[in-house]
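Any read-out appearing in this document is the output of simple, stated calculations on the displayed coordinates, not a laboratory observation. Note that the coordinates shown come from a computational prediction; the quantities given were computed from them, not determined experimentally. Neighbour counts are summed over all protein chains in view; Cβ atoms, including those assigned to glycine, are modelled from backbone coordinates with ideal geometry.
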Amino acid sequence: MSSPPDPVAESVIIGPQRLAGLLNVPPRAKGLVIFAHGSGSGRLSPRNNYVAAGLQQVGLATLLLDLLTPAEERDRANVFDIPLLATRLVGATDWAEAQPATAGLPVGYFGASTGGGAALLAAARADGRIRAVVSRGGRPDLAGEALRAVRSPTLLIVGSLDGPVIEMNRDAYQLISAEKELLIVPGAGHLFEEPGTLDEVIRQAARWFLAHLAGDEEKAHDQFPTPLS
């Protein structure tokens, strides 16, 4: 993973819990992607910041935030409390919709690891407001039966070396009735640390979000072809 471009991010404080976030809104943004991090991670996650920088390059605003306060993070039960994380994600969506810089932008979620489950549960709860979800190496199974209520177009991206998680994603895929894709990136492990694999995540996430947030599916697919998986 090479170093991403330095984003010009604004530090923000979100909600009654005063969650710390990083907001980047490029000129003429086509949509907003809110990130849900995996266990033990947060707004400073190098991988998610790298993905966010790539999405900014194609005109998408990004919001990376800590879904837990520092005190809450010390209780490991909170880290795996998917309903709590989903509630915080919906709260961040409400916050973004009220900010002048992001009001009116179509919203998508990007979830990594356990954040994939939180993103899908939040999408199921968000009254149809979430236009798209992308999960990287995610645990969509953690959303449980709420997967059946997801109406947001959903892209599940998994590494070919991430055996157990592949099966979890395949099982979850069967429960989602919305538009959906399951992509397996050759040679990628759970963290997508292998050369070029995280760049493939950016390409496919950009394709999905541009198609469903910007509404230009044909152009998005031409610019970022779907790989064989």
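For the chain, what is the percent of antiparallel DSSP beta bridges, rounded to the nearest 5?
Among the beta bridges of the chain, antiparallel pairing accounts for roughly 25 percent.
Add +1 for every Lys or Arg and -1 for every Asp or Glu among the other residues with Cβ under 14 Å from the Cβ of residue 79, and state the total.
Computed value for this residue: -1.
(1) 35, 27, 16; (2) 22, 21, 18; (3) 34, 19, 15: which one is semi-axes √(5λ) of the Cα gyration tensor in Å as calculated from this entry?
(2)
Counting Lys and Arg as +1 and Asp and Glu as -1, what is the net charge of the other residues whose Cβ lies under 14 Å from the Cβ of residue 36?
Around residue 36, the surrounding residues sum to +4.
Any idea what diffusion coefficient the stretch 49-137 gets from Stokes-Einstein, in µm²/s, Kirkwood Rh on alpha carbon pairs, 10 °C, 1.306 mPa s?
In µm²/s, the coefficient rounds to 116.
Scan around residue 33 for amide H atoms under 5 Å from its own, H built in the peptide plane at 1.01 Å from N, and keep only partners 5 or more places away or cross-chain.
So residue 33 has HN proximity to 61, 62, 63, 108.
Determine, for 185, 90, the number of other Cβ atoms within 10 Å of each Cβ, and report the residues in order from fewest to most.
In increasing order of surrounding Cβ atoms, one gets 90, 185.
Would you list 154, 197 from fewest to most Cβ contacts within 10 Å?
So the residues, fewest neighbours to most, are 197, 154.
With a 10 Å Cβ neighbour count serving as the proxy for reagent exposure, in which order, fewest first, do 39, 11 appear?
Fewest to most other Cβ atoms nearby, the residues stand as 11, 39.
Explain nothing, just compute: Karplus ³J(HN,Hα) = 6.51 cos²θ - 1.76 cosθ + 1.60, θ = phi - 60°, for every residue of the stretch 189-202 in order, whole Hz, x for Gly and Pro.
x, 4, 9, 6, 8, 5, x, x, 6, 6, 5, 5, 4, 4
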